[in-house]
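Worksheet: the structure to be examined is printed underneath.
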Amino acid sequence: MAVESSVNLIEEREKERETKREREIYEHEDPVYVLMETAGFCEQDEDRVLELMSLLMEEEEEAGEEREREIERVHVLDAVMAKSESQSQNLWHIRESITTSLSQRAVHRRGKLLKYDISVCFTELERVLREIMKSMRERGYDVISGEEREREREREKVVEVYNFGHMGDQNLHLNLIIRDVILLQENDVVKMKEEIDEIVYSAVQETRGSISAEHGIGQLKKKALIASKSEFELKLMRDIKKLLDPNNILNAGKIF
């Protein structure tokens with residue numbers, strides 16, 4: 001009994017240390033968080049990951065010019081590595097809770113949540129986001145992100161911005177919350193959504209990105225698909241549909 005109690009106490013203290021460490025990582029908001037998981041395992045894998053993190057966390061003044069070029073000026077402020085399955089699950093839980101948290105946030109803000117599933121070349125991602133935010137501000141939207149999201153509503157068209165996605169396949173989930181839609185007329189909210197749709201999809205189209213990366217077109221993006229593709233591309237889609245579904249019995253009339 002004494003041994004079992006001691007083991008339980010050690011496990012509890014270890015969990016407390018894990019929780020404290022996780023809080024330290026997320027107690028302030030940084031520009032970008034990356035959750036990375038490796039597949040397969042050999043004895044050298046952990047050493048390689050640790051070496052990579054040490055390299056990325058080197059201060060710029062400590063890294064020579066050659067090393068700076070090697071890491072392409074990427075600098076990691078802090079990092080945590082899962083040492084157990086439970087720690088790994090805790091980290092993934094944070095990522096997988098984003099969608100639910102945003103829905104709850106929209107309710108809290110009495111707002112409307114707009115979700116975009118876009119794909120943009122990684123090298124163009126920052127520029128596309130800046131262009132979207134710039135265009136929205138030019139049309140009278142108060143676009144806020146980071147700590148600014150907590151400030152009081154000062155204008156009529158306030159939009160909170162949240163980004164997450166999959167770095168490997170260049171898929172970005174752009175989430176926008178239009179605040180206090182209950183104070184607006186329904187027609188005004190519809191117009192705002194259509195206006196923001198046009199802004200987002202135009203910016204994506206300019207970089208030859210995709211308006212739908214993983215969730216398909218469906219009914220909501222039918223107009224955006226037609227607007228974002230050339231007649232040749234649309235004809236090719238119709239021809240493929242006809243080849244695979246000559247009797248037009250699969251989702252007839254949904255898109256083509």
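A few remarks follow.
- Some residue of region 101-117 being of a type outside the set (D, E, K, R), within 14 Å of ALA203 (Cβ to Cβ) and outside any helix (DSSP H, G or I): yes
- When each of GLU194, GLU160 is tested for being among the acidic types (Asp, Glu) and in contact with a helix residue (DSSP H, G or I) (Cβ under 8 Å, 6 or more places away or on another chain), the lone residue that passes is GLU160.
- Scan region 177-203 for residues that are part of a helix (DSSP H, G or I) and more than 24 Å from LYS254 (Cα to Cα) and the total you get is 10.
- Matching residues in region 204-229 - criterion: being open to solvent by less than 50 Å² (accessible area, probe 1.4 Å), of a type outside the set (Lys, Arg) and part of a loop (DSSP other than H, G, I, E, B): THR207, GLY209, ILE211, SER212, ALA213, GLY216, ILE217, GLY218
- When LYS221 is tested against the conditions (1) of a type in the set (D, E, K, R); (2) under 28 Å from the mean Cα position of the chain (by Cα); (3) at pLDDT 90 or above, the lone failure is (3).
- Tally, over region 100-119, of residues that are within 18 Å of ILE178 (Cβ to Cβ) and open to solvent by 30 Å² or more (accessible area, probe 1.4 Å): 11
- Filtered residue count, region 120-143, keeping only those that are more than 17 Å from LYS193 (Cα to Cα) and open to solvent by less than 30 Å² (accessible area, probe 1.4 Å): 2
- ARG208 being over 26 Å from GLU126 (Cα atoms) and not aliphatic (A, V, I, L, M): no
- Taken as a whole, the structure leaves LEU172 outside the set of residues that are open to solvent by 80 Å² or more (accessible area, probe 1.4 Å) and of a type in the set (A, V, I, L, M).
- Scanning region 191-209 for residues that are modelled with pLDDT under 90 and within 23 Å of VAL143 (Cβ to Cβ) turns up GLN205, GLU206, THR207, GLY209.
- For first residues located in region 233-254 and part of a helix (DSSP H, G or I), partners that are surrounded by 11 or more Cβ atoms within 10 Å (Cβ to Cβ) and lie 6+ apart or on another chain with Cβ distances below 6 Å form the pairs ARG238/PHE256; LYS241/PHE256.
- Residue ID - least open to solvent (accessible area, probe 1.4 Å), chosen from residues in region 76-99 that are assigned to a loop (DSSP other than H, G, I, E, B) and among the hydroxyl-bearing types (Ser, Thr, Tyr): SER97
- LEU125 within 22 Å of ALA224 (Cα to Cα), outside any helix (DSSP H, G or I) and not aromatic (Phe, Trp, Tyr): no
The values are calculated or read from the model by the stated rules, or taken from the named source; none is laboratory data. Keep in mind the model is a prediction, meaning the values are calculated, not measured. Glycine gets a Cβ as well: all are built from the backbone with ideal geometry, and neighbour counts include every protein chain shown. All accessible areas refer to the heavy atoms of the entire protein, side chains included, with ligands and DNA or RNA removed. Shrake-Rupley method; radii C 1.70, N 1.55, O 1.52, S 1.80 Å.
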